[in-house]
Amino acid sequence: MLKSGNVNLPEVMVENDLRIRRFMPPAEKLLNLLRGDVCRRLGEIRSNIEPDDLEQVARNTIENAVFQEREVRLKDGPWYLLRVRPYKTWEDKIEGAVLSFQDIDSLKRKLDQTCPFAEALIENARESILVLDEGLRVTLANPVFYRNFQVSPRRQRDAPSTNSGTGNGISRSCANCFTRSRRTTRASTVLKCG
């Protein structure tokens with residue numbers, strides 16, 4: 001079993017060949033693990049996690065030496081924040097990856113409850129507001145934005161906001177505004193334009 005500062009945190013350590021090296025007891029239930037699963041490939045485990053691509057995520061972390069983080073959920077159950085980091089030795093050599101799961105279900109549910117309220121505030125704001133996702137695609141813009149920048153809502157949806165031209169409908173003045181007053185959160189970018 002993996003020793004950690006927090007014994008309640010589901011964690012799994014895999015070797016470079018993606019075989020399970022150790023895991024914390026809370027990971028047993030979450031991932032359908034048994035003590036006999038030590039030395040089995042992570043991809044051979046049929047976990048309750050959606051999407052069920054933990055081996056691919058761990059492989060990417062090991063091969064590229066990158067930290068990864070994303071939201072996953074139990075099938076028809078609670079949400080977790082999956083964090084995957086390379087496992088490094090004292091010599092800075094990568095010898096696998098550590099997958100940890102943090103329960104974010106209550107936070108996610110509260111966020112889902114507050115989103116309609118936030119959208120209503122944005123919709124009724126007196127100033128131009130544009131909300132972008134991590135790929136800088138428009139997810140929400142208020143009527144004042146569309147009026148001030150003379151763009152159509154249909155042309156904005158899913159259009160990258162940083163095209164060098166104005167083919168996606170965002171004028172150069174808004175692009176300049178973007179570089180000056182960008183406020184970023186993990187989930188989205190909110191622009192106050194005008």
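Observations on the model:
- Exclusive hit being modelled with pLDDT of 95 or more, of a type outside the set (Val, Ile, Thr) and under 15 Å from residue 102 (Cα atoms), set 82, 18: 82
- Failed criterion for residue 37 (all others in (1) open to solvent by less than 50 Å² (accessible area, probe 1.4 Å); (2) within 27 Å of residue 110 (Cβ to Cβ) hold): (2)
- Of all residues in the stretch 66-93, those that are exposed (fewer than 13 other Cβ atoms within 10 Å of the Cβ) and in a loop (DSSP other than H, G, I, E, B) total 10.
- Scope the stretch 33-62; condition within 20 Å of the chain's Cα centre (by Cα) and not in a loop (DSSP other than H, G, I, E, B); matching residues: 49, 50, 54, 55, 56, 57, 58, 59, 60, 61, 62
The values are calculated or read from the model by the stated rules, or taken from the named source; none is laboratory data. Keep in mind the model is a prediction, meaning the values are calculated, not measured. When we count neighbours, we look across all protein chains shown, and the Cβ atoms used for this are built from the backbone with ideal geometry, even at glycine. The area values use the complete protein model at the heavy-atom level, side chains included, leaving out ligands, DNA and RNA. Shrake-Rupley method; radii C 1.70, N 1.55, O 1.52, S 1.80 Å.
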